[in-house]
Structures are given as structure tokens and as C-alpha cells.
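Below is one structure, written out as C-alpha cells; comments come after it.
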Amino acid sequence: MSNYDNAEVFYDDCKRLHQDEEDPELMFQDWECPPIFDGFIGECHLEETIFEITSLLEAKSDDDMEIIQNYMYLTGIPLNEQTIEKAQERYIGYFSSETELAEYYVEETGLLQNIPDEVAMYFDYKAYARDLDFMEHNNHYFYNY
């Protein structure tokens with residue numbers, strides 16, 4: 001897909017390959033793509049937005065792709081430019097547990113900064129994690145707003 005700028009150029013190339021046929025029936029029977037593109041390509045269809053989305057994702061790392069995919073799973077929002085932006089905007093991080101997320105959040109926000117260490121050591125991170133408003137899938141955590 002990266003060889004084409006848009007659907008029109010892609011279909012023109014496909015038609016050129018089938019120029020000896022009177023009425024070519026274009027089918028995409030053998031294709032590979034990352035799971036993030038599920039629904040964009042089928043045997044008898046190709047979503048025209050795939051070219052735009054592909055260009056947006058070209059510069060993304062495998063980690064970024066995993067973040068976007070997990071966000072899509074959690075929200076059910078289809079892949080588009082806004083989904084990519086929201087996934088990155090709402091991403092908190094990868095944590096092994098909710099408690100680890102709470103520890104990170106407390107540290108980042110300075111929640112216990114003005115509390116004496118003798119008191120702060122009794123802070124219940126596990127209970128605090130239950131009260132945080134977040135979404136999680138495969139240990140990837142996102143703000144839920």
C-alpha cells in the first residue's frame with residue numbers, strides 16, 4: 001500500500017494489470033496487514049481511507065501501533081486520524097498492575113509531596129488505584145475521559 005498515494009492510483013494500476021480483460025473483476029485474495037487494519041481490506045473491497053491512514057501510521061513505532069490497537073479495542077472506535085490522536089493523548093503507560101499505575105500517578109502528580117514520609121508510607125495504593133478513572137487492556141492504561 002505504501003507504493004500508492006491514494007485509491008485512484010491503486011485502482012488505475014490494478015486495471016492496467018488487467019487491461020486484457022473486458023470487464024475486470026478486482027479481487028484481493030492474498031494480502032497481509034497488521035491487525036490494526038482489520039476491516040479495511042477484504043476479498044472484494046478496499047476502504048479508500050486506508051491510504052491516508054497508512055501514511056499517518058508509517059512513522060509510528062511498533063509500540064505506538066500496539067497502543068493504538070489497544071485503545072481501539074477498549075473504545076470500539078474505528079481507525080482514523082482522530083483515533084490515533086486520542087490514543088496517544090490518553091495513553092498513560094504500560095504497567096504490570098493497577099497498583100503500579102497508582103504509584104506512577106501519585107509520583108507524577110506529586111499527590112503525597114507535602115505529606116511526611118512517616119505518614120505517606122501508609123498510603124493504600126491498591127485502594128487508590130480502584131478509584132482512578134482509567135481504561136486498561138493488555139496492561140496498557142489510558143485516561144477514561
Next on the checklist: Among (1) surrounded by fewer than 16 Cβ atoms within 10 Å (Cβ to Cβ); (2) under 10 Å from the mean Cα position of the chain (by Cα); (3) assigned to a loop (DSSP other than H, G, I, E, B); (4) not basic (Lys, Arg), there is one condition Asp64 misses while meeting the rest; what is its number?
Outcome noted: (3)
Next on the checklist: Condition first: assigned to a loop (DSSP other than H, G, I, E, B) and aliphatic (A, V, I, L, M). Can you find one or more residues in the range 22-45 that meet it?
Outcome noted: yes
Checklist entry - What do you reckon, is Ile36 surrounded by 13 or more Cβ atoms within 10 Å (Cβ to Cβ) and more than 20 Å from Asn144 (Cα to Cα)? => result yes
Item to check | Yes/no for Ile115 being assigned to a loop (DSSP other than H, G, I, E, B) and at pLDDT 95 or above | outcome: yes
Checklist entry - Would it be correct to say that Thr75 is touching a residue at least 12 places away in the same chain (Cβ under 8 Å), surrounded by 12 or more Cβ atoms within 10 Å (Cβ to Cβ) and outside the structural domain of Asp124 (by the TED database)? => result no
Checklist outcome for this item: Over the range 98-134, the set of residues of a type in the set (D, E, K, R), in contact (Cβ under 8 Å) with a residue 12 or more places away in the chain and surrounded by 10 or more Cβ atoms within 10 Å (Cβ to Cβ) is Glu98, Glu103, Lys126, Arg130
Checklist entry - Do we have Phe37 as in contact (Cβ under 8 Å) with a residue 40 or more places away in the chain, under 25 Å from Ala87 (Cβ atoms) and aromatic (Phe, Trp, Tyr) here? => result yes
Checklist entry - Can you tell me which residues in the range 29-70 are of a type outside the set (A, V, I, L, M) and in contact with a His (Cβ under 8 Å, 6 or more places away or on another chain)? => result Glu66, Asn70
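The values are calculated or read from the model by the stated rules, or taken from the named source; none is laboratory data. On a predicted model such as this, the values are computed, not experimentally measured, just so you know. Because the Cβ atoms are built from the backbone with ideal geometry, glycine has one as well, and the counts that use them run over all protein chains shown.
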